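Trainee: Before anything else, here's the structure in question.
Read-outs: derived from the displayed coordinates by stated rules, not from any lab. Only a predicted model underlies this, so the values are computations on that prediction, with no experimental measurement involved. Don't worry about glycine lacking a Cβ; one is built from the backbone with ideal geometry, like all the others, and counts go over all protein chains shown.
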Amino acid sequence: MEINGLPLHALVIHGAVVLGPLAALLALVYVVPRGREWARWPMVGAAVVAAGFVVAAYLSGRDLLDSNPALGQLPAVATHEDRAGVALWVTLVFAVLAVVVGLAHRHLEGPVRLLGSLLLSVAAVATIVTVVLTGDAGAEAVWGGR
């Protein structure tokens with residue numbers, strides 16, 4: 001997959017690396033009662049778009065490796081690939097939680113709201129950590145030896 005000779009992966013990773021943590025930060029604002037109304041829809045929208053970019057980055061990365069098998073033999077690329085698999089699932093779980101909590105917003109009360117906020121917070125932090133670590137491993141794979 002290429003656009004004007006540039007691998008699609010090199011383009012979509014920027015959306016994943018920016019929007020994944022942004023959506024997660026919006027979720028952390030959402031769980032604070034004063035930020036709940038303001039952050040609700042931006043969190044839901046950013047989480048869905050971020051998940052789309054992460055899926056596109058993962059699939060385009062797989063395609064890039066399939067078209068250049070020698071890349072997969074490099075330790076830095078293997079690390080990036082391993083972390084990408086984790087980031088994919090963590091971000092998808094986060095996006096589902098963000099959508100469910102955002103849509104059920106008015107119906108969540110008491111312990112259920114607390115549980116939803118706790119799960120959303122954990123998923124948000126995990127998303128930030130896994131996306132940053134994956135992006136760092138990818139940058140190391142591309143630029144590390146130079």
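Trainee: What percent does the relative contact order of the range 2-143 come to when contacts are Cα pairs within less than 8 Å and at least six residues apart?
Mentor: Once divided by the residue count of the range 2-143, the mean separation gives 34 percent.
Trainee: Here's something else I'd like to know. Run the dipole for the range 1-128 about the Cα centre, Lys and Arg Cβ at +1, Asp and Glu Cβ at -1, nothing else charged, and hand back the magnitude in debye, nearest 20.
Mentor: 580 debye
Trainee: Still on this structure, I have one more. Can you tell me the order of 14-27, 78-91 when each peptide is scored by its average per-residue count of other Cβ atoms within 10 angstrom, highest first?
Mentor: Peptide ranking by packing, descending: 14-27, 78-91.
Trainee: May I pose another question? Put +1 on the Cβ of every Lys and Arg and -1 on every Asp and Glu Cβ in the range 2-143; which of ALA47, LEU114, LEU64 then has its Cα farthest towards the positive end of the dipole?
Mentor: The residue sitting farthest along the positive end of the dipole is LEU114.
Trainee: Once you put a point 7 Å from the Cα of VAL125 and another 7 Å from the Cα of ARG106, both along the Cβ direction, what distance in nm separates them?
Mentor: Inter-label distance under the simple model: 3.2 nm.
Trainee: Taking amide hydrogens as modeled 1.01 Å from N in the peptide plane, which residues meet the under 5 Å criterion relative to GLU2, leaving out close sequence neighbours?
Mentor: LEU8
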